[in-house]
Amino acid sequence: MSSTHPIPPSPGRVSGLEQVRGTIAAACARAGRPPESVTLVAASKTVPAEALVPAIDAGLRVYGENRVQEAQEKWPGLQERFPGLELHLIGPLQSNKARDAVALFDVIHSVDRPSLCRALARQCAAQDRHPRLFIQVNTGAEPQKAGVLPDEADAFVDTCRGVHGLDVRGLMCIPPAGEPPEPHFSTLAKMAARNGLDLLSMGMSGDYATAIEHGATHVRVGSAIFGARAYPAAQPTHP
Ligand SMILES: *Cc1c(COP(=O)(O)O)cnc(C)c1O
């Protein structure tokens, strides 16, 4: 990953937020896109609830967590205090957590297998809640990483929509670490276009400007906003 951004030193502060917003605006300008075409999803894993209050006060409304349990511990209290927050699940989801995920999240970025589709469809119906869904594509075909393989993505999109009736809106990817992300971003953009999907969740702290130039509608940015994580988060691998 091309990592040229300076990581602000203090976890839990929002010292990086203004810079991230500026970088997003500049990337949108370069790409000839309106700034509101990009949603900043603040990746808040490992940031304690109280440390998120300054970010919320600074107008950040959309947050991404990568573990259901951590999100359940942190967010209900914050959502009560600050109505109108939007919560995204950006990490892998086990089918046995589908009920909790559907109850808590507004958007799920990590749909990647038929068993999970079935569990989500059942929970959406049971709870009459319909989180917007992204399908995660393992664009680098990395064995340890979550996501459908690129060759299987078109058929999987059809299955999600046709067989399970899921509200699929877009595609998500995490390019392999240490590789230029551009080919992965452009592959994902082409895949979304040919499947009639409008949304692209791609780009993290090291490469979100590049992702925007390739059409990202959702960038998931953590350390560039909150500082380097104080302790390691769960890796974005397959459950
Ligand atoms: C943590 C995480 C991010 C954000 O990573 P940063 O490099 O800190 O910006 C994005 N996507 C997923 C799936 C993550 O788990």
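Amide H contacts of residue 64 (H built 1.01 Å from N, in plane; Pro and chain starts excluded): 42, 43, 44, 88 sit under 5 Å, all sequence-distant by 5 or more or on other chains.
Tell me whether the chain comes out rounded, prolate or oblate; compute the Cα gyration tensor, take square roots of the eigenvalues as a ≥ b ≥ c, and use a/c under 1.5 as the rounded threshold. Taking the square roots of the gyration eigenvalues as a ≥ b ≥ c, the chain is oblate. Average accessible surface for region 41-200: 42 Å² per residue, computed with a 1.4 Å probe over protein heavy atoms with every protein chain in place.
So if I take the centroid of the Cα atoms in region 148-216 and the same for region 54-114, what is the distance between those two points in Å? Computed from Cα coordinates, the inter-centre distance equals 20 Å. For the chain, modelled as a GNM whose springs connect Cα atoms under 10 angstrom apart, the maximal fluctuation among 138, 66, 195 occurs at 195. Ignoring aspartates and glutamates fewer than eight residues from residue 97 along the same chain, the ones with Cα atoms less than 16 angstrom from its Cα are 65, 70, 73, 106, 112.
For a protection proxy built on the mean count of beta-carbon atoms within 10 angstrom, sort 23-33, 38-48 highest first, please. Display every interim value, and only then the final one.
Working: 23-33: 15.0, 38-48: 22.4.
Per-residue Cβ counts within 10 Å, averaged per peptide and sorted highest first, yield 38-48, 23-33.
Couplings for region 25-32, taken from phi via the Karplus curve 6.51 cos²θ - 1.76 cosθ + 1.60 with θ = phi - 60°, read 4, 5, 5, 4, 4, 4, 8, x Hz in order; Gly and Pro are left as x. Here the chain has 52 percent of its accessible surface on carbon and sulfur atoms, given a 1.4 Å probe and all protein chains in place.
The values are calculated or read from the model by the stated rules, or taken from the named source; none is laboratory data. Quick caveat, the model's predicted, so the values are computed rather than measured. With ideal geometry, Cβ positions are generated from the backbone for all residues, glycine too; neighbour counts draw on all protein chains shown. With ligands, DNA and RNA removed, areas are computed over all heavy atoms of the protein, side chains included. Shrake-Rupley method; radii C 1.70, N 1.55, O 1.52, S 1.80 Å.
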